[in-house]
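*Asks:* Provided herewith is a single structure, encoded as structure tokens, for subsequent inquiry.
We did not get these values from a lab; they are worked out from the coordinates using the rules stated. Keep in mind the model is a prediction, meaning the values are calculated, not measured. Here the Cβ is made from the backbone with ideal geometry for all residues, glycine too, and neighbour counts use every protein chain on show.
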There are 2 protein chains.
Amino acid sequence: MINLGLVGYGTVGSGVVKILETNLSLLENKVGTKLNLKKICDRDKKRLRNLSAHRFALAGGKIVTTTNWEEIVNDPKIDIVIELIGGYEPARTIILSAIKKKKHIATANKALLAKHWDEIFTTAGKNKVLVYFEASVGAGIPVVQALNEGLAANRIHSILGILNATTNYILTRMSKKNIDFPTALKETQKAGFAEANPKLDIEGIDAAHKLSILASIAYSSWVKLENIYTEGISHLDQQDIKFAFEEFGYETKLLGICKEVITSNPERSRRIDVRVHPALIPQEHPFATVENEYNAVLIKGDAVGDVMFYGKGAGGMSAASAVVSDIIYLARHIHNQTAGKIPYVTYQKGKKLSFLPIGEIETAYYLRFTTVDRPGVLSKISGILGENKVSIASCFQKVPTTLRPRGVPILMVTHKAKEKNIRQAIEEIDRLPITRAKTVMLRIEE
Amino acid sequence: MINLGLVGYGTVGSGVVKILETNLSLLENKVGTKLNLKKICDRDKKRLRNLSAHRFALAGGKIVTTTNWEEIVNDPKIDIVIELIGGYEPARTIILSAIKKKKHIATANKALLAKHWDEIFTTAGKNKVLVYFEASVGAGIPVVQALNEGLAANRIHSILGILNATTNYILTRMSKKNIDFPTALKETQKAGFAEANPKLDIEGIDAAHKLSILASIAYSSWVKLENIYTEGISHLDQQDIKFAFEEFGYETKLLGICKEVITSNPERSRRIDVRVHPALIPQEHPFATVENEYNAVLIKGDAVGDVMFYGKGAGGMSAASAVVSDIIYLARHIHNQTAGKIPYVTYQKGKKLSFLPIGEIETAYYLRFTTVDRPGVLSKISGILGENKVSIASCFQKVPTTLRPRGVPILMVTHKAKEKNIRQAIEEIDRLPITRAKTVMLRIEE
């Protein structure tokens with residue numbers, strides 16, 4: 001019999017209990033032995049009271065509930081600790097303590113893994129303990145395992161992801177209903193897809209956590225948050241979402257992007273371009289139809305080409321599906337005494353990755369200038385772009401709008417250019433007396 | 001050091017050698033030890049001569065080539081046998097002999113697995129040997145592992161797949177260019193996506209092999225070919241592809257479908273509805289944009305909801321990606337002496353599944369009647385449909401065409417109906433003197 005201890009009885013935690021209850025015989029057939037949910041810990045006593053009577057059926061009516069996680073970590077009978085409280089502390093202490101007690105871990109904690117990858121996997125390796133974390137990226141979409149195992153033969157050229165359900169829901173609202181960011185955020189909160197404090201989501205930090213995990217797997221190293229250029233969506237103007245769609249046929253998405261770039265200098269060295277920001281994608285792009293709370297990850301490998309994974313990126317049951325699948329495989333390994341003999345992820349501690357600074361990336365850009373309505377303006381702007389080696393692919397000058405600040409919007413899509421050149425050009429243009437408002441710049445991902 | 005023996009040096013086999021050569025250090029880092037491609041067997045000596053010199057670099061110039069597979073299976077040094085010749089024999093004998101010699105297996109052989117699931121996994125279990133087969137479905141898309149492990153927590157409600165690249169390429173041609181089946185087949189052969197003898201592909205048998213594998217994993221049993229209702233695409237008329245698209249907005253795809261159906265009788269027992277046939281899907285369906293040689297699999301689990309996997313379903317490198325990923329994980333297990341302690345797939349030998357006969361399925365249908373141009377025809381047809389409990393959702397009567405045989409096409413889409421009722425109605429309608437040609441029936445998958 002494999003004993004489980006669950007820390008965190010929130011949305012995902014109660015989803016885990018529900019799956020264990022509903023599919024128990026199916027799961028036990030896969031494991032080859034009994035699964036016993038021995039203890040559940042939550043600091044909120046009220047939640048624990050909500051554990052309805054029939055759920056106690058799981059351990060013959062004997063699930064122990066506690067508000068003290070140490071009762072789980074220090075229980076010598078417990079084989080697997082399921083950490084679902086999220087955040088850095090006490091999650092870090094719980095996981096590290098459990099690992100040191102030779103307990104295997106299933107977690108959905110992306111923030112913790114992104115920030116403490118080295119500490120967690122080094123400690124797990126030393127203690128010959130497995131840490132599974134499928135639910136940390138894309139909820140129930142099994143993309144962690146796919147990248148880690150199913151695509152292991154490949155050198156990973158790129159990873160592109162719609163990794164955050166909240167922002168994708170907000171952007172879908174802004175685009176379909178032409179409403180502004182604060183209104184769309186409120187609707188998203190009402191629909192249950194944004195937290196009361198949505199900062200981690202809307203500033204792109206949650207997506208950066210997930211990208212850190214995917215990139216760390218792809219390059220067998222630790223891609224830290226500080227290596228990831230991160231920009232959120234709270235500054236987006238619905239006008240740009242509308243213009244980008246109507247004039248150029250682009251959808252606006254918050255993307256996590258990780259690419260291995262071969263530099264053009266004589267060494268032709270490999271550098272990692274890794275970033276999270278709003279980006280425009282063409283309507284034919286497979287991500288264009290990924291809407292609302294859905295997530296998608298597109299991985300390009302040297303052998304396999306493009307492979308895409310798609311599913312719900314939010315919701316307790318979807319994430320719980322990944323947690324319980326992890327539990328099954330941990331339990332199989334424990335039952336067969338193979339657990340921890342091989343680490344789950346390859347982590348080459350000493351491996352140094354070289355990152356491409358954001359100024360060095362080359363992509364196409366959408367630009368919206370706001371200027372006075374006077375002859376010579378376009379020539380002035382395009383002149384500055386040209387001096388900075390930015391070449392224009394297409395350009396619209398809109399009729400004066402009632403936008404504040406009043407002015408003529410000039411919309412442009414550039415050919416591929418270096419970001420530092422674009423930024424330099426914008427800085428010069430924004431200093432011109434003809435410019436009425438800060439120029440808007442959005443990266444395009446073809 | 002892990003020694004590999006490769007049987008079959010065709011498109012996929014040479015892809016495997018190429019990946020081993022290109023990414024060797026990356027792969028060995030993941031395995032934790034050296035990989036040595038010791039022997040390659042192919043019955044065609046010419047192919048073996050094509051093994052260019054630089055590829056011999058792999059084993060320090062010492063890859064042994066042979067036309068006799070027994071030299072691989074009987075080599076006590078070889079740990080993993082990679083079977084890439086396809087077909088039933090001698091593949092079956094090679095794999096079973098290798099298993100009995102305690103060698104682990106990586107194979108792409110869908111036909112063999114579908115036909116000999118029981119024999120292969122029973123023998124593998126007895127000999128504590130692993131059989132990995134990621135490349136057998138969807139080439140490099142890691143859907144076998146996802147269904148088997150990443151979604152293991154779920155009761156699988158349904159699997160929907162575009163599982164065959166050849167037929168998807170043909171149908172894309174027929175639809176985009178409005179050409180007939182034989183012409184599209186020729187174009188597909190020219191493009192390298194159909195074999196000289198395309199029977200297995202165009203008759204839906206290859207898709208049925210793959211569906212047998214997915215369904216067998218999903219239900220921890222063996223779903224045999226004879227349990228799968230199978231219909232190919234060679235009888236499709238491009239007119240119906242065109243009408244379905246233009247009049248009703250449907251795309252035509254060859255689908256593999258597997259659903260767990262709860263019967264409405266008092267026992268409410270579970271039955272498996274498993275079939276391969278051309279089907280119409282709405283343009284909003286995520287499969288509508290899966291074109292040419294691409295494959296996609298949509299899995300619905302009780303916890304995770306819908307998850308989709310998408311990528312190239314053909315091509316030596318894509319399939320080789322899956323084979324080499326299998327090799328990495330087999331090699332890791334062998335190196336850590338954990339290989340074969342746990343079987344890869346759960347196979348409950350005695351488990352009885354109950355299958356839903358094709359007559360009992362309930363779905364919507366597209367029907368094309370070809371009749372004389374005379375008053376009362378529509379009333380007659382709709383009367384017979386009504387008597388058979390088939391209710392019409394929409395109907396178009398086209399102007400007489402120059403189609404052979406001449407006649408008026410009447411197009412209908414029905415509401416959900418039982419297939420045996422539809423068939424009974426068609427039989428009656430086709431016997432009427434007003435009917436000029438056999439009625440066309442296509443199933444709709446919403």
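*Asks:* Show me, bin by bin at 10 Å from 0, the whole-percent P(r) of the protein assembly as shown based on Cα pairs.
*Replies:* All Cα pairs, binned at 10 Å, distribute as 2, 11, 19, 23, 21, 14, 7, 2, 0 percent.
*Asks:* Output, in nm with one decimal and in ascending order, the distances from the A:Lys46 label point to the matching label points of the other copies (7 Å from Cα along Cα-to-Cβ).
*Replies:* Result for A:Lys46, in nm, nearest copy first: 7.8.
*Asks:* Moving on to the next point. Kindly give the semi-axes, whole Å and largest first, of the ellipsoid equivalent to the stretch B:154-206, taking each as the square root of 5 times a Cα gyration tensor eigenvalue.
*Replies:* Equivalent-ellipsoid dimensions as semi-axes: 25, 13, 8 Å.
*Asks:* If you average 1/r over every pair of different alpha-carbon atoms in the stretch A:358-444 and take one over that average, what Kirkwood value in Å do you get?
*Replies:* 12.8 Å
*Asks:* Let me ask something else. Once the stretch A:155-312 is represented by equal point scatterers at the alpha-carbon sites, with solvent omitted, what log10 I(q)/I(0) does the Debye formula produce at q = 0.08, 0.16 Å⁻¹?
*Replies:* Once normalised to I(0) and log-transformed, intensities are -0.24, -0.89.
*Asks:* Counting only other chains, what is the mean number of Cβ atoms within 10 angstrom of the Cβ of each residue in peptide A:305-315?
*Replies:* Average neighbour count from other chains, rounded to a whole number: 6.
*Asks:* Pop out the ³J(HN,Hα) list for the stretch A:363-371 in order, Karplus 6.51 cos²θ - 1.76 cosθ + 1.60 with θ = phi - 60°, rounded to Hz; leave Gly and Pro as x.
*Replies:* Each residue's phi maps through the Karplus curve to give 8, 8, 10, 9, 10, 10, 8, 10, 10 Hz.
*Asks:* P(r) of the stretch B:39-190 in 5 Å steps, Cα pairs, percent per bin?
*Replies:* 2, 8, 13, 14, 15, 14, 13, 10, 7, 3, 1, 0
*Asks:* Quick one: of the DSSP bridges fully inside the protein assembly as shown, what percent are antiparallel, nearest 5?
*Replies:* Of those bridges, close to 70 percent are antiparallel.
*Asks:* Restricting things to Cα coordinates, could you compute the convex hull volume per residue of chain B in Å³?
*Replies:* 147 Å³
*Asks:* Here is a further query. Which of A:Val81, A:Thr67, A:Leu24 sits closest to the plus end of the dipole of chain A, meaning its Cα is farthest towards the positive end, when Lys and Arg get +1 and Asp and Glu get -1 on the C-beta?
*Replies:* A:Thr67
*Asks:* With runs of 4+ DSSP H residues as the only contributors, calculate the mean residue ellipticity of the protein assembly as shown at 222 nm using -39,500 (n - 2.57) per run, divided by the residue total and rounded to the nearest 500.
*Replies:* That calculation yields -10500 deg cm²/dmol at 222 nm.
*Asks:* Could you tell me what percent of the DSSP beta bridges with both partners in the stretch A:155-312 are antiparallel, to the nearest 5?
*Replies:* The antiparallel fraction comes to roughly 95 percent.
*Asks:* Further question on the same structure: Relative contact order for the stretch A:18-134: what is it in percent, counting Cα pairs under 8 Å that are at least 6 residues apart?
*Replies:* Rounded, it is 19 percent for the stretch A:18-134.
*Asks:* Another question, if that's okay. Could you state the principal axis extents of the C-alpha atoms in the stretch A:102-164, from the largest down, to the nearest angstrom?
*Replies:* That gives 34, 27, 19 Å along the principal axes, largest extent first.
*Asks:* Next question, about the same structure. Roughly how big is the stretch B:358-444's charge dipole about its Cα centre, with Cβ charges of +1 (Lys, Arg) and -1 (Asp, Glu), in debye to the nearest 20?
*Replies:* 280 debye
*Asks:* Which whole-number percent gives the relative contact order of chain B, counting Cα pairs below 8 Å spaced six or more residues apart?
*Replies:* The normalised contact order for chain B reaches 17 percent.
*Asks:* Find out how many positive minus negative residues lie around B:Leu298, taking Lys and Arg as positive, Asp and Glu as negative, among other residues whose Cβ is under 12 Å from that of B:Leu298.
*Replies:* Cβ neighbours under 12 Å give a net charge of +1.
*Asks:* Sort A:Ile381, B:Ile205 so that the residue with the fewest other Cβ atoms within 10 Å of its own Cβ comes first and the one with the most comes last.
*Replies:* So the ranking, lowest neighbour count to highest, is B:Ile205, A:Ile381.
*Asks:* Shielding of B:152-159 by partners, i.e. mean partner chain Cβ atoms within 10 Å per residue?
*Replies:* Taking the mean over all residues of the peptide, I get 6.
*Asks:* I want to verify the translational diffusion coefficient of the stretch A:1-126 in µm²/s; compute it with Stokes-Einstein, Rh as the Kirkwood radius over Cα pairs, at 20 °C and 1.002 mPa s.
*Replies:* 145 µm²/s
*Asks:* Using a 7 Å offset from Cα along the direction of the beta-carbon, what are the separations from B:Ser354 to the same position in each other copy, nm, ascending?
*Replies:* 6.6
*Asks:* Let me ask something else about it. Rank the residues B:Met174, B:Met1 as a footprinting-exposure proxy: fewest other Cβ atoms within 10 Å of their Cβ go first.
*Replies:* B:Met1, B:Met174
*Asks:* Which percent, to the nearest 5, of DSSP beta bridges fully inside chain A are antiparallel?
*Replies:* Rounded to the nearest five, the antiparallel share is 70 percent.
*Asks:* OK, next. Among the helices of chain A (complete DSSP H runs), which have Cα atoms covering no less than 24 Å along the helix axis and a Kyte-Doolittle mean of at least 0.0?
*Replies:* The qualifying helices are A:316-335.
*Asks:* Also: Please find, among residues of chain A, the one with the beta carbon closest to the rotation axis relating it to chain B, distance in whole Å.
*Replies:* Axis-proximal residue of A, distance in whole Å: A:Thr338, 2.
*Asks:* List, shortest first and in nm to one decimal, how far the label point of B:Thr93 (7 Å from Cα along Cα→Cβ) is from its counterparts in the other copies.
*Replies:* Computed spacing set for this position: 6.7 nm.
*Asks:* Turning to a different aspect of this structure: What are the ³J(HN,Hα) values, in whole Hz, obtained from phi via the Karplus relation 6.51 cos²θ - 1.76 cosθ + 1.60 with θ = phi - 60°, for each residue of the stretch B:278-285 in sequence order, with x given for Gly and Pro?
*Replies:* The phi angles translate into x, 9, 9, 10, x, 5, 7, 5 Hz.
*Asks:* Starting with the fewest neighbours, write out B:His104, A:His333 ranked by other beta-carbon atoms found within 10 Å of each beta-carbon.
*Replies:* Exposure proxy ranking, most exposed first: A:His333, B:His104.
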